[in-house]
Each structure stands twice: as C-alpha cells, then as structure tokens.
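Read through the structure below, which is laid out as structure tokens, and then see the notes.
The values are calculated or read from the model by the stated rules, or taken from the named source; none is laboratory data. Fair warning: this is a prediction, and the values are worked out from it, not measured in the lab. As a convention, Cβ positions derive from the backbone with ideal geometry for all residues, glycine included, and neighbour counts pool all protein chains shown. These area figures cover heavy atoms from the full protein model, side chains too; ligands, DNA and RNA do not enter into them. Shrake-Rupley method; radii C 1.70, N 1.55, O 1.52, S 1.80 Å.
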Amino acid sequence: MEIKRMFKSVKMLSVFIIYLDQVTMSTLQDQREYCATLLSQYDPELLASFKWEMSHGIERFFLLSYCLACCWPGLGAKSDLRIVKQWAELDFVFPSQAAQRIAIERNYYIRGSSVPIDVDVNHRQGVPSRIFVTIPRFGPGRPVTLGTVEPDGRIKGYPDYSWHDNQGNNCAGLTSVFRVAIDECQRLWVMDTGKIGDTQNCPPQLLAFDLTTDKLIYRHIVNQSSYSDLSLFITPVLDIRSRGAGDCTFTYVYVADVSDFGLLVVDVMKNRSWKVSQRLFYPYPSRGIFNIVGVKFELMDGVLGLALSPYKPGSERNLFFHALASTTENVVSTRVLRNDSYASTKQLGMDDVYVYPEERPTQAAAQAMDSNGILYFGMMNPPAIYCWNTATEFSPRNFHVLAIDEETLQFASGVKVVINTKGEEELWVLTCSFQRVMTGTITSDRINYRIHAENLSILLKRSACKGGKQKPWSNV
C-alpha cells in the first residue's frame, strides 16, 4: 500500500511540475485557475496521498520534484490517444515521375514546406477507412492542398492530382484549404480560401464531394460582397436540419473568417450566403502572444474554433466559438445565424451572443463537440487535450485533461468527433508544432506532425466530463 500510494503521488507531482513554471509567473487569478484545473483531475484519495508526501517536509518534496524533472523520461506524458500517423515532413503521391519533376521545376513542390492543419476520417463498411488531411498554401511549394493519407504515409491529392496542379491558375480546381467537414450523408465539405499566401487568386468557394463516388456535387462561389482582401475562410461546421435518417435536404454551413473577423453563413438548399460580424469574432490584443513549450510567437487571429451543440429535432442548436487570440468561449443560437435578414444588416446584436464569464488558462485553436454535448479542445501550454461538459459552467474547474504531452500534442489545429461503422464516436486530433512553423525553426530531423485518435468511450472512461444534461439556450 505504501508503494502504491507513493507511485500515485509521484505521478501527480509529474503533472504538477509541468504547471509550476507557468503558475509562478502568472497573476493570482491565473494561479487559482491553474490550480483548480490541476486539482480537478484527481480524486480525494490521490490528493490525500499528495498531502501525505508534503507532510514529510518541503526538502523531500523538492528533492522528489528534482528527480522527476531530471531522471524520469516519461515526465509530462499522459495520453490515452493513439498516434495513428506521424511525419518529420510530408511526402506526396504524384501521377508520374514527370509530374513530380515539373512540380519541382516550377516550385509547386518545395520539400519540407507543407504543413498539415486539419484531419477528418471517412469510415466505410467493408473497405479501409480514409484519412483526409489539409495542407493550406501559405506560400508556394505545396503540391496538393487536400489529400488522403496512403498506407505508406504519403499524401495523395483528393479527388485527384488534377484538382491541385494549378497553383491558383484554375479557379475550377482547389487553391488552398485549411479545414474540411464530413456529414452523415457521406459528403465531404471543403472550404477553399482561393488564396496563396496573401494573394487572392480565386474567389472563395465551398464545395461538397460525394464520398461514395468522389464526384463534385455542390459548389458555392462566395459573393464578392461577403469577403474582403483580408478574408481567410478557414473553419466550416455543418448544421443539418434533418427530418429523418439520411435526410440532408436542409443544410447550413457556418465558416469562420479568421482575418476579416466574421462568420459566413451558407444556405445550401437555396445556394446563397451572407456574412455576419460581431465584436467577439475579433482577436484580443492581450492574447496575441503564444507560448508553446518555451517558443513564443505573435498571431492576431480572430474567430477560428467552431463547434455545434447536438441536433435534436424541433429544437435549436448553439454554435460555440472563440477567436484564436483569446481565452474566452462564446455562444450564439443558430436560429440567429440562419436569419437571412443579416444578408443586408450583417451585424449581430449585442444580446445575440453570450460570453462565458470565466476563461481558459491559455489559448485554444480547433474544437469539436460530441453527441452528449461534451466539447473537446487543445490548450497551448502545457500542450494538452481537454474536455468540458457543456452542462457545467465554463470554468477551469470543469476542464478535464484527456491527454497531456509536451512533445506530441503541440498545437492541436485539427479536432474532430467521428462516428465509426459501429456507430461509436471517436476523437481525432492533428497536432502540427505550429510555433516552429511561425518562427521558421521547423526542421526535418524530428517529428513535427501527428494524427492522434481514440474511441471516446475509452477516453472518457474515468473522466469527470461524463454525465450531466446539456443546458438549453435559455439557461446558458
């Protein structure tokens, strides 16, 4: 029993050390939030064990902390997420050696320049699942911007290479894609920014592909009145107003404009769209500096993380959102967003959006919600994946760690809840070491990009996120 108790306390101390440096450098309020977040992960017996360790004197406490920091190779690693794929740099499938040679000669393919941002999965009966990744064209050298991961790890352009071999010269193809979404009707929704770097080569467009045939079935060109030179449409989420199993007639797509600070609303059935603005889509200047494992960079990005509450026939859904350069979470009813009068007024009212009074300890990027109203997101420092049951208050007290690893979970840019062929929900996460991308320090002598996944029943087995009933909008 003594050894078991000691082992439990040592595990807890390892996580405590990760938080220690940040807590001591924060305000009193931040310290309380960090401590509340940490302590909420452990049961009373474990906390009693920790107190028992402290009772032996502060010298023993710091000696044990020192030994953990210096000698325990697993320090800071606590993850039930499996690493499905990982790369030091991406490699690609070309239709021929000649096509690869031409791509290199024209700077369409610059080895090491491609950075994956998002992941989604197409589970299929009787055949292997397909993993999709996006590779935005931050500049030249990215041969494809959307592809599937081959068994050998190479990326194959989707639906085929001809859609990508244009580098902005053919607006009927794909120019640059940040994120995608797959719905229950086997449609892959692709938001194409139309930009390479800062150059608007083509109008932004929303496309849908039938995953059973890989054929294009929908294309919506965004009206020029709904975007500016600053616009960068990067995160789509799907709101399907189903009237029964397999009914996807009434589909709306909400897309975050991260740089012109707005939300594009696309009514698919009517093939029309409008953009809405609100002050909470903007970045917070005080949250524009990021610190990931000691590497700092500045990025004043606005609304990025989007997630929809579960759909229940006859009731409204809520869109949860936050800016990248922020630590807040906000909610707006989709009833408000679907009001097409905003096609002319464009500005959401002050009372249309709710801001939770408490905040995250650090910034978050992508997020996703499961069918029980549990929100999943990554935080920056320490790199970790958290869950929050939306039936509880939005507070660090109710954020619970699912995985924490300073090396493998750096910048969760893609987060998805996926339903497999058994009807079970899975969490998929793409991490991309974005701090090294931003500072130009990324190298191919280490693993930079990873795709993680696990069944939610496993991840939530011992989590405090389970249980509870989702709050209706009126109680948020």
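Couple of notes before you dig in:
- The range 391-430, residues that are among the hydroxyl-bearing types (Ser, Thr, Tyr) and under 16 Å from residue 456 (Cα atoms): 421
- Residue within the range 140-152 that is surrounded by fewer than 13 Cβ atoms within 10 Å (Cβ to Cβ) and under 27 Å from the mean Cα position of the chain (by Cα) present: yes
- Among (1) more than 24 Å from residue 117 (Cβ to Cβ); (2) part of a loop (DSSP other than H, G, I, E, B) - the single one residue 328 does not satisfy: (1)
Conditions (1) of a type in the set (Asp, Glu); (2) in contact with a Lys or Arg (Cβ under 9 Å, 6 or more places away or on another chain); (3) over 18 Å from residue 251 (Cβ atoms), marked per residue:
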site: 272; (1), (2), (3): no, no, no
site: 307; (1), (2), (3): no, no, no
site: 324; (1), (2), (3): no, yes, yes
site: 337; (1), (2), (3): no, no, no
site: 343; (1), (2), (3): no, yes, no
site: 355; (1), (2), (3): no, no, yes
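- Scanning the range 204-237 for residues that are buried (at least 16 other Cβ atoms within 10 Å of the Cβ) and part of a loop (DSSP other than H, G, I, E, B) gives 204, 211, 222, 227, 231, 232.
- Single residue of the range 153-203 satisfying the filter (among the basic types (Lys, Arg) and closer than 30 Å to residue 310 by Cβ) that is most open to solvent (accessible area, probe 1.4 Å): 187
- Output for the range 188-234, where each listed residue is closer than 19 Å to residue 249 by Cβ and in contact with a Ser or Thr (Cβ under 7 Å, 6 or more places away or on another chain): 220
- Residue in the range 155-174 that is part of a loop (DSSP other than H, G, I, E, B), in contact with a helix residue (DSSP H, G or I) (Cβ under 8 Å, 6 or more places away or on another chain) and at pLDDT below 95 present: yes
- Looking only at the range 238-282, and only at residues there that are over 24 Å from residue 341 (Cβ atoms) and open to solvent by less than 20 Å² (accessible area, probe 1.4 Å), the one that is nearest to the chain's Cα centre (by Cα): 258
- Within the set 301, 351, the sole residue that is in a loop (DSSP other than H, G, I, E, B), over 18 Å from residue 251 (Cβ atoms) and either open to solvent by less than 10 Å² (accessible area, probe 1.4 Å) or acidic (Asp, Glu) (or both) turns out to be 301.
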